[in-house]
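Structure first, commentary second.
The values are calculated or read from the model by the stated rules, or taken from the named source; none is laboratory data. Just so you know, these numbers come straight off a predicted model, no measurement behind them. Because the Cβ atoms are built from the backbone with ideal geometry, glycine has one as well, and the counts that use them run over all protein chains shown.
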């Protein structure tokens, strides 16, 4: 039996999923996060990487961790860390656009970034007007992926009541693990798949038809 036969909604992650991880975009964002912690919050440079990783592991995102521990301004953080030249690193992908257009299902961006960053990325890769909705970090507050509350909130926001008819396409196994516990169908995007990966996997988003037929 085809587990994807009755799919109605595609939830698709943004960073390192819409575009390849090898593009370098996320690496620049990570650098901006470190700079924010040093310049805005005066963390010692030599400790900031470890602190960031601990916040990420504990709270799901560095931002949620800094909100909990330092009461940072969300808008200031998001504007600062996403101030990277996506237009120089990403380029229109006509094949990806045509592939996504071939799917009749509702297509939703579900991201731990904010809508402004998502729009910049989608414009850079030529995916304007492809997605019915962007569910961003602010919309799923106080949650974030991989917290189950983030996925439950996303379902409510898009009006989807049948989670078993939904697919989550994401580059994070942690996110997929949380989503599948609620009933989502998982697809992992990973250029270099890890061993013993339990999820159907594609190297790039444009390979989606290998697993999920648009018919």
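General remarks:
- Scanning segment 193-215 for residues that are in contact (Cβ under 8 Å) with a residue 40 or more places away in the chain and outside any loop (DSSP other than H, G, I, E, B) turns up 205, 206, 208, 209.
- Subset of segment 17-32 [over 26 Å from residue 45 (Cα atoms) and in contact with a helix residue (DSSP H, G or I) (Cβ under 8 Å, 6 or more places away or on another chain)]: 17, 18, 19
- Conditions (1) surrounded by 13 or more Cβ atoms within 10 Å (Cβ to Cβ); (2) at pLDDT 95 or above; (3) in contact with a strand residue (DSSP E or B) (Cβ under 8 Å, 6 or more places away or on another chain); (4) farther than 18 Å from residue 145 by Cβ; number of the one not met by residue 158: (4)
- Being touching a helix residue (DSSP H, G or I) at 6+ places or on another chain (Cβ under 7 Å) and in a helix (DSSP H, G or I) is a property that does not hold for residue 79.
- Unique residue being loosely packed, with under 13 Cβ neighbours inside 10 Å and on the phi > 0 side of the Ramachandran plot when the list is 53, 47, 42, 57: 42
- Residue in segment 163-179 that is within 12 Å of residue 108 (Cβ to Cβ), part of a helix (DSSP H, G or I), touching a residue at least 12 places away in the same chain (Cβ under 8 Å) and outside the structural domain of residue 67 (by TED's automatic domain parsing) present: no
- Among the candidates 113, 118, residue that is closer than 19 Å to residue 30 by Cα and assigned to a loop (DSSP other than H, G, I, E, B): 113
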